[in-house]
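Presented below is the structure to which this report refers.
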Amino acid sequence: MSNKSLIDRLIAGDPTAVARAISKIEDGAADGSELMKQIFPRTGRALTIGITGAPGAGKSSLVDKLAAFYRKAGERVGIIAVDPSSPFSGGAILGDRIRMQTLCLDKGVFIRSMATRGNLGGLARTTAEAVAILDAAGYEKIIVETVGVGQDEIEIAKTADVCVVVLVPGMGDDVQTMKAGIMEIGDVLVINKADREGVLRTEKELEALLSLARRGDNWEPPIVKTVAIESKGVEELAAAIERFAEFQRKAPTANERRQAIARWRILELLRERLVAEALNGDSTERLDLLATEVASKKRDPYSAVEELISDK
Ligand SMILES: Nc1nc2c(ncn2[C@@H]2O[C@H](COP(=O)(O)OP(=O)(O)OP(=O)(O)O)[C@@H](O)[C@H]2O)c(=O)[nH]1
Ligand SMILES: [Mg+2]
């Protein structure tokens, strides 16, 4: 399929074209950047929601229910599950397929998982591009699920319009370890598995954490309690997401956030482009050779880099 007809079909909302376009980006296809250039003017309409939290917190279950909620309102929903630790990508991960059973059969929902694949392109960058593709294809809500709140995840979550951090009761220590992540990215906080004990305590801990620092935009992140498996609290979560989106649209800092994201995207692309050019196409062999030499102390990494740059 030519890039032109692919773009036409993508813009018409064809899921097959969307899937193919995302694969192009993931594979680092030569015409990928042309594709992104073409669709760029058509992006910016969707609301992007990042959902992050500890493994097993119930993120996928929540995404499933949240998506169903949006579907009821007649909106098309794109879901991207990002797993930085996994080399697999393509379809939805098996577990998620089961958890998102109802959605898999729905034509108004697009589900895709993304993984590192060991390529040179950053996962955060390819995820942002997959989001842009779904946006251009007319998906009104785009949900990005990431596991944990490490640096990779924070980077991915930061590109979303609204970032939801999912916690569960009785994770006192986790609240501490995730503190920085929660404070940095949590626009809405969720205590899922609220059918379990210790909800009040976790809520108190979170409130204490939130009271420690005021955000630059003065937003006070709400805490929403949910039971994903029973669809409880999902409406409240959707409302909290909407409230922040609305706040964000009007906030004087909204432009700063958009600019910070744009700046990050430019730098990411620049970095990748320069690396690709320095490696001059024969990336892996050359890199492997130099790596062997550096590992065996035959050469230092600085001169390896100098050689790569001077040979361009
Ligand atoms: N009791 C209870 N269990 C839940 C709730 N939400 C999800 N679970 C269960 O928790 C387990 C993990 O749920 P997932 O939705 O896969 O969690 P996740 O955060 O997406 O997990 P990873 O993607 O593997 O990090 C599943 O067995 C769910 O059925 C809830 O509200 N209450
Ligand atoms: Mg999951």
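The values are calculated or read from the model by the stated rules, or taken from the named source; none is laboratory data. Since this is a predicted model, take the numbers as computed values, not measurements. Cβ sites come from the backbone with ideal geometry, for glycine too, and all protein chains shown count toward neighbours. Ligands, DNA and RNA are excluded from the accessible area calculation, which covers all protein heavy atoms including side chains. Shrake-Rupley method; radii C 1.70, N 1.55, O 1.52, S 1.80 Å.
Going through the stretch 63-80 one residue at a time, which ones are buried (at least 20 other Cβ atoms within 10 Å of the Cβ) and of a type in the set (Phe, Trp, Tyr)?
The answer is Tyr70, and nothing else.
Say we look at the stretch 166-181 and pick out the residues that are under 12 Å from Pro55 (Cα atoms) and at pLDDT 70 or above; which of these is surrounded by the fewest Cβ atoms within 10 Å (Cβ to Cβ)?
Only one residue tops the list, namely Val168.
Going by the conditions given, is Glu268 out of contact with any Pro (no Cβ under 6 Å at 6 or more places or on another chain), in a helix (DSSP H, G or I), at pLDDT below 95 and open to solvent by less than 40 Å² (accessible area, probe 1.4 Å)?
Yes: the conditions hold for Glu268.
Suppose we keep only residues that are in a loop (DSSP other than H, G, I, E, B), under 22 Å from Ala81 (Cα atoms) and more than 16 Å from ligand 2 (Cβ to nearest atom) within the stretch 4-59. Which one would you say is most open to solvent (accessible area, probe 1.4 Å)? First the steps, then the outcome.
Within the stretch 4-59, the first condition is being in a loop (DSSP other than H, G, I, E, B), and the residues that meet it are 12-14, 28-31, 43-46, 54-58.
Now restrict to residues that are under 22 Å from Ala81 (Cα atoms): 13-14, 28-29, 43-46, 54-58.
Pick out the ones that are also more than 16 Å from ligand 2 (Cβ to nearest atom) and you get 13-14, 28-29, 43-46.
Working: Gly13: 10, Asp14: 39, Gly28: 60, Ala29: 35, Thr43: 38, Gly44: 66, Arg45: 165, Ala46: 13 Å².
Within the stretch 4-59, the match that is most open to solvent (accessible area, probe 1.4 Å) is Arg45.
Report, by residue number, each residue of the stretch 1-60 that is under 16 Å from Met114 (Cβ atoms) and among the polar types (S, T, N, Q).
Ser23, Thr48, Thr52, Ser60
Residues Glu285, Glu236: which one is open to solvent by 40 Å² or more (accessible area, probe 1.4 Å), without any contact (Cβ under 8 Å) to a residue 40 or more places away in the chain and within 16 Å of ligand 1 (Cβ to nearest atom)? Can you show your working first?
Numbers: Glu285 fails: within 16 Å of ligand 1 (Cβ to nearest atom).
When all the criteria are applied, what remains is Glu236.
So that you can scan it fast, the table gives a plain yes or no per residue for (1) modelled with pLDDT under 90; (2) closer than 19 Å to Val166 by Cβ; (3) polar (S, T, N, Q):
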residue	(1), (2), (3)
Ala54	yes, yes, no
Leu62	no, yes, no
Arg71	no, no, no
Leu103	yes, yes, no
